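Structure first, then comments.
What follows is calculated from the coordinates using simple rules that are stated; it is not laboratory data. Everything quoted here is computed from the prediction, not taken from an experiment. Every residue, glycine among them, receives a Cβ derived from its backbone with ideal geometry; neighbour counts consider all protein chains shown.
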Amino acid sequence: MAQLPPTQPTADWLRDHRAALEKSRDALRSNELLWGWARLATFLIAAVGWAPLRNQPAAAIATSLAGLVGFILCVRRHRRRRTARESADRAILIVEEAQTRCGGKQVVVRTTLRPADPASPTDQLAPFIDRGRAWPLTPQELDDLDIYAAPVGLFGLLNRTSSIIGARRLRDAIESQPLDQSAITVLQSAIRALLTDRAARVRILAAAAALRGPDSQLDTLVAALRAAAPLPRQIPVTGLRLWGGISLVLALIALVRFMSGGGGGSISTLVGLFVVNGTIYGWLLRRTLNPALAPWRSLWKIVDALIIALADIDSLPSAGPLERIRESCQPAARKLLPALVSPLYWADTGGLMHATLNALAFYDLHVADMLFARVVPNRVQLLTALSAFADLEVFTSLACFSDEQPDATFPDFAAETALRITDGQHPLINPSRAIPNSLTLTPRQHLWLITGSNMAGKSTFLRMIGLNALLAQMGSAVCAAKMTLSPLRLITDLRARDNLADNASYFMAEVRHIRRIVVPPADPAPVLGLIDEPFRGTNSLDQSAAGIALVRHLIRSPGVFLIATHDRHMTREPDEIQAANFHFEENLGEHGPVFDYKLHQGPAKTRNALAILERAGYPPELLKEAKTWADTM
């Protein structure tokens, strides 16, 4: 069995790493403060240091120049220390989040809400990692398995993403289950590598945390990248940029002459330049440049955050898809995104000065030409880097879950249709309270009937199976001592609901859900069917008849199936070769039923309902008649 790597216990490593980070952060903070004072001191020297030496011009100028040079150097050093301290702060935040989850605690670090798609479908990023053939989960499975449930659903438990694109990619990884064993193995290799190298994982997560907040602009950035295009050919860009530069020089000369008493000629030159260039801008450029630059204004914030988020991309281990992610992100991190910063700063202007520079020197034309010359040829690389980063956030999220969950293990995959779980636990139940149970489904015995009273553990057992199968096919570690499976198409009917908008009663909703298991789509992958109380929305006679027929049909069907039921008639069907009976027990304690939540062989034999009615004070004649009827059934 592929166990997790034998390293220092997660809680101990997090404690030690946090202490080291806090020590480093405190040193950086002190250094940052020191350089802040040095920055202020050199500024004062540059600004007023000449005053005591005003009678010695050479010394005064030298003092001011020295102060100016010192100020520039101090600003750079102060900025570096601040950047390093902010990085340490984010790393400490990541470790703190991990500590809240350590030991498998049911804590939502980010959000459990399902992320929405971008406003326009064309702004959705294309997948980066090929997950091969996939099986899409329906809203029924998402509801049955509490994927987005409150207060803690599976998505919330797994989610450690810092960006909306990462959250969407995690959503897609859950909702679209890979069916190719080779693809799942590749995903698993990336998660294993990040699981082993905890320090690298913390650095990657800390860098990505720079996106928290500005990530709301990511959809705008993606849309702007897709829409970016060279300026129209009818605009003589080179000629106008050259003339704009000349105009600016002429305007500055005229302004200097005017301030020196040059008279009306200088004013005429300025007015003439404003009239001619303003007309050219308004007639030829404004209607093109305004809509072209509008999506890019204010995007310098998200580009700055992306540069930080990708700053530690070289920390990625060289393992399978992680190496591809690193290679795809490196050009954006090192060159393409930094090249966009200056034009984006310049694009984010407005007011009177912006209007003046447009009318005088075609300011927006210079900005647009520089921006689109850097964006258009590199559009595919930039979009690919964003998509690769989204997959990286998925891998780091699953690696965190795998590391923080106690007794987790990576599953093995079988060539035959099988599902074996040893001491499996429900991922959404605190490990300190979870009762482990085991399961073995093979081609020889591929259907289990689970009986027992309400609250004894039947539904929880089925959800434990479904969630661990889902995690396994995502490439994640699972909550079990051991697990082996073949890729399976997960179909559930655990929580049927009325749908008045669709004119569907409770029973009709059930019929539709179970039909997907009985008549699945044409696909070679076997089904994992999980059913809780089949056909419970109809009368007991029809429920028994349909349930028995369902069991007989599934015994003859390929796949593996679990059915939880109260119907004793269904438990008589298994022939102990292709199907088997198991049950959850309860005992009647002083204050009501007592459950051990352990799975036992054979059908349920205890019948405590009438005893509970008796303790509740029901009339003796009612209880006597009920017992008589029960003995005849």
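Can you tell me which of 538-545, 461-468, 310-317 comes out highest on packing, and rank the rest after it, using the mean Cβ neighbours within 10 Å? Numbers along the way, then the final one.
Working: 538-545: 13.6, 461-468: 24.6, 310-317: 19.8.
Ranked from most to least packed, the peptides come out as 461-468, 310-317, 538-545.
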Response to the item:
Semi-axes of the range 214-392 from the Cα gyration tensor (sqrt of 5 times each eigenvalue, largest first, whole Å) come to 41, 16, 13
Worksheet item: Asp523 to Thr185: FRET efficiency via 1/(1 + (r/R0)^6), r the Cβ-Cβ distance, R0 25 Å, to the nearest 0.05?
Response: 0.80
Discussion item. Taking the Cα centroid of the range 529-558 and of the range 404-448, what is the distance between the two, rounded to the nearest whole Å?
Written reply: 24 Å
Worksheet item: Gap in Å between the Cα centre of the range 154-186 and the Cα centre of the range 195-273?
Response: 38 Å
Discussion item. Let me test this: with uniform point scatterers at the alpha carbons of the range 90-169, what is the Debye-based log₁₀ I(q)/I(0) at q = 0.11, 0.22 1/Å?
Written reply: -0.38, -1.17
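Tell me, in nm to one decimal, what length is gained between Ser30 and Thr288 on full extension, where the rule is 0.36 nm per residue of separation less the Cα-Cα distance? Numbers along the way, then the final one.
Details: separation 258, 0.36 × 258 = 92.88 nm, distance 5.01 nm.
Residue separation times 0.36 nm, minus the Cα-Cα distance, leaves 87.9 nm.
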Discussion item. List the residue ranges in the chain for DSSP H helices whose C-alpha atoms run 30 angstrom or more along the long axis and whose Kyte-Doolittle average is 0.5 or above.
Written reply: 237-259, 379-404
Item to complete: Take the Cα of Arg515, step 7 Å along the line toward its Cβ, and report every residue of the range 129-144 whose backbone nitrogen sits under 11 Å from that point.
Response: none
Fill in: Candidate lysines for bridging to Lys627, where Cα separation is under 20 Å - those fewer than 8 sequence places away on the same chain excluded
Lys605
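Among 247-258, 352-363, 393-404, 45-56, what's the highest-first ranking by average C-beta atoms within 10 angstrom per residue? Present the calculation step by step, with values, prior to reporting the outcome.
Numbers: 247-258: 15.7, 352-363: 17.8, 393-404: 26.3, 45-56: 13.8.
Ranking the peptides 247-258, 352-363, 393-404, 45-56 by packing returns 393-404, 352-363, 247-258, 45-56.
Mean shadow of the range 138-274, computed from the convex hull of its alpha carbons, in nm²? If you can, show how the numbers build up before the last one.
Working: hull surface 70.5 nm².
Over all viewing directions, the range 138-274 projects a mean Cα-hull area of 17.6 nm².
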Response to the item:
Looking only at aspartates and glutamates whose Cα falls under 18 Å of Lys482's and that sit 8 or more positions away or on another chain, we get Asp403, Glu404, Asp407, Asp412, Glu416, Asp423
Practice prompt. In whole Å, largest first, what are the principal axis extents of the Cα atoms in the range 2-101?
Written response: 79, 21, 15
Item to complete: Which order do the peptides 168-174, 519-525, 223-229, 324-330 take when ranked by the mean count of other beta-carbon atoms within 10 Å per residue, highest first?
Response: 168-174, 324-330, 223-229, 519-525
Worksheet item: Each label point is 7 Å from the Cα along the Cα-to-Cβ direction; what then is the distance between the points at Leu73 and Leu93, in nm?
Response: 3.4 nm
Worksheet entry | Within the chain, percent of DSSP bridges classed antiparallel, to nearest 5 | 50 percent
Practice prompt. Evaluate Rg over Rh across the range 409-632, taking Cα atoms for both radii and Kirkwood's formula for Rh.
Written response: 0.99
Worksheet item: Given a Förster radius of 41 Å and the C-beta distance between Arg226 and Ala415 as r, what FRET efficiency does 1/(1 + (r/R0)^6) yield to the nearest 0.05?
Response: 0.45
Worksheet, complete the sentence: Computed D for the range 303-368, Stokes-Einstein, Kirkwood radius over alpha-carbon pairs, 20 °C, 1.002 mPa s, to the nearest µm² per second, is 152 µm²/s
Worksheet item: Cα centroids of the range 63-121 and the range 324-343: how far apart, whole angstrom?
Response: 19 Å
Item to complete: Rounded to whole Å and sorted largest first, list the principal axis extents of the Cα atoms in the chain.
Response: 118, 56, 52
Worksheet item: Per-residue ellipticity at 222 nm for the chain, helices alone: DSSP H runs ≥ 4 residues times -39500 (n - 2.57), over residue total, nearest 500 deg cm²/dmol?
Response: -17500 deg cm²/dmol
